[in-house]
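Chemist: Sharing a structure with you now.
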Amino acid sequence: MERDFPIVQVLSEEGTIAQPEYREQITKELTMTMYRHLIRTRMVDRKCVSLQRQGRIGTYVPYEGQEACQVGSALALNDGDWMFPTYRDHGAMMTFGRSLTQTLLYWKGRTEGCVPPEGKKIVPPSVPIATQLPHAAGAACAEKWKGTKNAVIVYFGDGATSEGDFHEGLNFASVFNAPVVFFNQNNQYAISVPITRQMKTKTIAQKALAYDIPGLRIDGNDVFAVYFKTTEALERARNGGGPTLIEAVTWRYGAHTTSDDPSRYRDQEESKKRRETTDPIKRVERLMQREGWWDEEWVNQVQEEVNAEIEQAVVEMESYPKANVSDMFDFVFAQPTWTIAEQKEAYLQWKRGMER
Amino acid sequence: MITKVGVKSLTIVQAVNDALRTMLKEREDVILLGEDIGKNGGVFRATEGLLEEFGEERVMDTPLSEAGFTGAAIGMALGGFRPVVEIQFLGFIYPAYEQIMTHAARMRARTRGHFTVPLVIRAPYGAGVRAPEIHSDSTEALFTHMPGIKVVCPASPYDAKGLLIAAIEDPDPVLFLEPMRSYRAFREDVPEGKYTIEIGKGKKLREGDDVTVIAWGAMVPVAIKAAEEAKKKGIYADVIDLRTLYPLDKDIIAESVQKTGRTVIVQEAHATGGLANDILAVINDTSFFYQKAPAERVTGFDVPVPFFAYEDDYLPTPARVLHAIEKVMNF
């Protein structure tokens, strides 16, 4: 199966273009766009870990190492497409248009972080594993019935493939030929459980065979492979070709969440090694150097701009108006039921008394 | 038989069919999904004829996957449709419980109203038809406990149609429980075309000053029968059909209990954690000092809904309800 589903690479670890047919499309401009987003997602992730350590946001889910998966796939989307992310996909959400401030608000426990920017169909991250796959299939059916050319991307990890909803989502989408791309980030660990304990199959892509849909395995640390292959899958979906399963093979450098200690279940030397070899940002830098596109001044400028954006977002997050208790009651139903209305009134009255 | 103009004499299952047909005609965003609902017309024929009339894009036979098609329906609702899902039997809903609990019921709350899920989940429920295992559950309390979803349970054809249309038009998710045992038990005049019954409102079926009997769904005929027996003994009962299980009609309960001071609640489901306890809470909060006797609950037992050889002993009967009525009268 590994031979039937080889890992597709467009940009090698050394920064050379492995597939000549993409050479013309890999322009300086596209490369710089990718690079800017990669740097941004990584810097945001590191900042969030540090904010969590300082107690300025809650438990945080880092994705460092998986930036190419998230940036490449999100840049492949059209504005009208749907995104169904997991809790580790805020890199993709930000690349698709969710603001940094909203991202931070989400990790600060605020519902404001779940409201997408105007016109963007970014559904809030799914926390229960694999449950978002059926949603994506349904939203894709909805677009098909409305006669749009919009497609859907849904993210999930390697562990999610063991859940029933993974099967039910792929099966439903394939039966109804729904325009959806199932984008798997195989970072090879579900918290502590390695992929060899998660499945007997050597690849995730091969599971597409069971649904008779295209399945492919790509280098998830190669932003160009991710971008081109996701674009192709989305185009196929838009044009009536139905769903695709993409397995992007990657690696999370750090912990599952800021509450997790990966040294309990794996040798972190592996992460160190991968930072030097397969890192998604390093290889774009190598490409830029090879092609003569490397411009130290521009890179510094990008970093400064991202830094300023992050600092601004942190200020906005921390000066955001205090959470309004009423919001907890007011958004459960379009019209609150009498139980909620009574509970709200009684609680607010008690609280006012306590504050006096 | 005299047939009135614009009125049809229908059973509950026919009234459900009529409501679905009415709404498929009325709104293009209404779609039906479920197992065997298309060509087969549903195992109870609730969707009979709808595939032929509206096509397979609007009446979808889905793969056998309660979580999958309920989840897909959530995605369709996010995408602007009003899906009506059929769960073949309430006892088969549990794989979809996660989808309902973690997504359908809280999408509005977690997105401050940006994304909403106007989804209806229909499910026949209850025992008393000699069905195989797991086909007889009445676990409504698993859903009345779930914040963010309304739970509706009609007992008559007229209410079934009006409440189902109201559920489809509701901007939030609604679980619509259909009393399987009453599906074809009796007929009632049902108006043609569209009408709605307000969700959250109960109905007084019998007037009496002595005792309040509260029931819903398949227990309503049991309560009525008990009330009629009581009447023969000179005890006059208010019989209330709750019709909606969340949110409860607090006013109709309080008004009656404050009049009678004596209450019997009839619940098919297991006793512990059941809806009857929430009704007791309403009585406690609204009518504590009006009570002349401790309220009685006639319920199923804290056992799995049994194999049908035992179901007559599991289910509340008119005799058990009558016994409870006499107990509160003689307190």
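The values are calculated or read from the model by the stated rules, or taken from the named source; none is laboratory data. Computed from a predicted structure; not experimentally measured. Every residue, glycine among them, receives a Cβ derived from its backbone with ideal geometry; neighbour counts consider all protein chains shown.
Chemist: Could you check, for segment A:145-152, whether at least one of its residues is farther than 30 Å from B:Val59 by Cβ and in contact (Cβ under 8 Å) with a residue 40 or more places away in the chain?
Modeler: No, segment A:145-152 contains no residue that is farther than 30 Å from B:Val59 by Cβ and in contact (Cβ under 8 Å) with a residue 40 or more places away in the chain.
Chemist: Condition check: surrounded by fewer than 21 Cβ atoms within 10 Å (Cβ to Cβ), among the acidic types (Asp, Glu) and farther than 25 Å from A:Tyr211 by Cβ. Does B:Glu28 satisfy that?
Modeler: yes
Chemist: Checking B:Arg122 against (1) away from every other protein chain (no Cβ under 14 Å); (2) closer than 20 Å to B:Val84 by Cα; (3) part of a loop (DSSP other than H, G, I, E, B); (4) not β-branched (Val, Ile, Thr), only one condition comes out false. Which one?
Modeler: So the condition that B:Arg122 fails would be (3).
Chemist: Can you say whether A:Glu112 is touching a helix residue (DSSP H, G or I) at 6+ places or on another chain (Cβ under 7 Å), of a type outside the set (Gly, Ala, Ser) and farther than 20 Å from A:Phe183 by Cβ, as far as the supplied structure shows?
Modeler: Taking the combined requirement at face value, the residue satisfies it.
Yes/no per residue for (1) over 17 Å from the mean Cα position of the chain (by Cα); (2) of a type in the set (S, T, N, Q); (3) within 29 Å of A:His135 (Cα to Cα):
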| position | (1), (2), (3) |
| --- | --- |
| A:Thr27 | yes, yes, no |
| A:Leu38 | no, no, yes |
| A:Val44 | no, no, yes |
| A:Asn78 | no, yes, yes |
| A:His90 | no, no, yes |
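Chemist: Turning to a different aspect of this structure: Which of the residues spanning segment B:64-81 are over 18 Å from A:Gly147 (Cβ atoms) and either in contact with a helix residue (DSSP H, G or I) (Cβ under 7 Å, 6 or more places away or on another chain) or among the acidic types (Asp, Glu) (or both)?
Modeler: Residues satisfying the conditions are B:Ser65, B:Glu66, B:Ala67, B:Gly68, B:Phe69, B:Thr70, B:Gly71, B:Ala72, B:Ala73, B:Ile74.
Chemist: Looking at A:Glu163, A:Glu112, which one is within 14 Å of chain B (Cβ to nearest Cβ), farther than 23 Å from B:His114 by Cβ and not polar (S, T, N, Q)?
Modeler: On inspection, the qualifying residue turns out to be A:Glu163.
Chemist: Still on this model: If you take the residues in segment A:128-140 that are more than 7 Å from chain B (Cβ to nearest Cβ) and part of a loop (DSSP other than H, G, I, E, B), which one is surrounded by the most Cβ atoms within 10 Å (Cβ to Cβ)?
Modeler: Restricting to residues being more than 7 Å from chain B (Cβ to nearest Cβ) and part of a loop (DSSP other than H, G, I, E, B), the top hit is A:Ala130.
Chemist: Can you name the residue in segment B:125-164 that is on the phi > 0 side of the Ramachandran plot and not charged (D, E, K, R) and is also farthest from the other protein chains (Cβ to nearest Cβ) among such residues?
Modeler: B:Gly128
Quick grid of which residues meet (1) under 30 Å from A:Gly138 (Cα atoms); (2) loosely packed, with under 15 Cβ neighbours inside 10 Å; (3) in contact with a Cys (Cβ under 8 Å, 6 or more places away or on another chain):
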{"site": "A:Gly15", "(1), (2), (3)": "no, no, no"}
{"site": "A:Met34", "(1), (2), (3)": "no, no, no"}
{"site": "A:Leu38", "(1), (2), (3)": "no, no, no"}
{"site": "A:Lys47", "(1), (2), (3)": "no, no, no"}
{"site": "A:Gln54", "(1), (2), (3)": "no, yes, no"}
{"site": "A:Ala68", "(1), (2), (3)": "yes, no, no"}
{"site": "A:Tyr87", "(1), (2), (3)": "yes, no, no"}
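Chemist: Could you please tell me which pairs satisfy a Cβ distance under 7 Å, a separation of 6+ or placement on different chains, a first residue in segment A:61-72 that is touching a residue at least 24 places away in the same chain (Cβ under 8 Å) and on the phi > 0 side of the Ramachandran plot, and a second residue that is part of a loop (DSSP other than H, G, I, E, B) and β-branched (Val, Ile, Thr)?
Modeler: Final answer for the pair search is A:Gly65/A:Thr250.
Chemist: A follow-up question, please. Here are the criteria: (1) within 19 Å of the chain's Cα centre (by Cα); (2) in a loop (DSSP other than H, G, I, E, B). Tell me which single one A:Val181 does not satisfy.
Modeler: The single condition A:Val181 does not satisfy is (2).
Conditions tested, residue by residue: (1) surrounded by fewer than 21 Cβ atoms within 10 Å (Cβ to Cβ); (2) under 17 Å from the mean Cα position of the chain (by Cα); (3) at pLDDT 95 or above.
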{"site": "A:Gln206", "(1), (2), (3)": "yes, no, yes"}
{"site": "A:Leu209", "(1), (2), (3)": "yes, no, yes"}
{"site": "A:Asp212", "(1), (2), (3)": "yes, no, yes"}
{"site": "A:Arg236", "(1), (2), (3)": "yes, no, yes"}
{"site": "A:Glu269", "(1), (2), (3)": "yes, no, no"}
{"site": "A:Leu287", "(1), (2), (3)": "no, no, yes"}
{"site": "A:Val299", "(1), (2), (3)": "yes, no, yes"}
{"site": "A:Glu305", "(1), (2), (3)": "yes, no, yes"}
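Chemist: Given the conditions (1) hydrophobic (A, V, I, L, M, F, W, C); (2) surrounded by 23 or more Cβ atoms within 10 Å (Cβ to Cβ); (3) within 16 Å of B:Ile87 (Cα to Cα), and given that B:Ile134 satisfies all but one, which numbered condition is not satisfied?
Modeler: (2)
Chemist: Only one residue in B:Glu98, B:Glu28 is assigned to a helix (DSSP H, G or I) and within 10 Å of chain A (Cβ to nearest Cβ), so which one is that?
Modeler: B:Glu98
Results for (1) touching a strand residue (DSSP E or B) at 6+ places or on another chain (Cβ under 8 Å); (2) surrounded by 21 or more Cβ atoms within 10 Å (Cβ to Cβ); (3) of a type outside the set (Asp, Glu), shown as yes or no for each residue.
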site	(1), (2), (3)
A:Met94	no, yes, yes
A:Gly109	no, no, yes
A:Ala142	no, yes, yes
A:Ile153	yes, yes, yes
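Chemist: So B:Gly128 ticks every box in (1) in contact (Cβ under 8 Å) with a residue 40 or more places away in the chain; (2) part of a loop (DSSP other than H, G, I, E, B); (3) more than 27 Å from B:Leu315 (Cβ to Cβ) but one. Which box is left unticked?
Modeler: (3)
Chemist: Same structure, new question: Residue check, A:Gly169 against (1) part of a helix (DSSP H, G or I); (2) surrounded by 21 or more Cβ atoms within 10 Å (Cβ to Cβ); (3) out of contact with any strand residue (DSSP E or B) (no Cβ under 8 Å at 6 or more places or on another chain); (4) within 14 Å of chain B (Cβ to nearest Cβ), all met but one. Which one?
Modeler: (3)
Chemist: Determine, yes or no, whether A:Ser271 is without any contact (Cβ under 8 Å) to a residue 24 or more places away in the chain and either touching a helix residue (DSSP H, G or I) at 6+ places or on another chain (Cβ under 9 Å) or not in a helix (DSSP H, G or I) (or both).
Modeler: Considered against the rule, which asks whether it is without any contact (Cβ under 8 Å) to a residue 24 or more places away in the chain and either touching a helix residue (DSSP H, G or I) at 6+ places or on another chain (Cβ under 9 Å) or not in a helix (DSSP H, G or I) (or both), A:Ser271 comes out as no.
Residues are listed down the side, and each one gets a yes or a no for (1) at pLDDT below 95; (2) hydroxyl-bearing (Ser, Thr, Tyr); (3) in contact with an Asp or Glu (Cβ under 7 Å, 6 or more places away or on another chain); (4) not assigned by TED's automatic domain parsing to the domain that holds B:Ile149:
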| site | (1), (2), (3), (4) |
| --- | --- |
| B:Lys25 | no, no, no, no |
| B:Ile37 | no, no, yes, no |
| B:Val43 | no, no, yes, no |
| B:Phe54 | no, no, no, no |
| B:Ser65 | no, yes, yes, no |
| B:Phe69 | no, no, no, no |
| B:Val85 | no, no, no, no |
| B:Gln99 | no, no, no, no |
| B:Thr102 | no, yes, no, no |
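Chemist: Among the residues of segment B:1-13, how many are touching a helix residue (DSSP H, G or I) at 6+ places or on another chain (Cβ under 8 Å) and either in a strand (DSSP E or B) or farther than 15 Å from B:Leu177 by Cα (or both)?
Modeler: Looking only at that region, the number is 3.
Chemist: So, of the residues in segment B:149-187 that are in a loop (DSSP other than H, G, I, E, B) and out of contact with any strand residue (DSSP E or B) (no Cβ under 9 Å at 6 or more places or on another chain), which turns out to be surrounded by the fewest Cβ atoms within 10 Å (Cβ to Cβ)?
Modeler: Looking at residues that are in a loop (DSSP other than H, G, I, E, B) and out of contact with any strand residue (DSSP E or B) (no Cβ under 9 Å at 6 or more places or on another chain), I get B:Phe186.
Chemist: Shifting gears a bit: So, in segment B:71-94, how many residues would count as being facing chain A (nearest Cβ under 7 Å) and either surrounded by fewer than 21 Cβ atoms within 10 Å (Cβ to Cβ) or free of Cβ contacts under 8 Å to residues at least 24 places away in the same chain (or both)?
Modeler: Selection size over segment B:71-94: 3.
Chemist: Six or more apart or on different chains, Cβ atoms under 9 Å: show the pairs whose first residue is in segment A:320-332 and more than 8 Å from chain B (Cβ to nearest Cβ) and whose second is part of a loop (DSSP other than H, G, I, E, B) and exposed (fewer than 14 other Cβ atoms within 10 Å of the Cβ).
Modeler: If the second residue must be part of a loop (DSSP other than H, G, I, E, B) and exposed (fewer than 14 other Cβ atoms within 10 Å of the Cβ), the pairs left are A:Ala323/A:Gly109; A:Asp330/A:Asn324.
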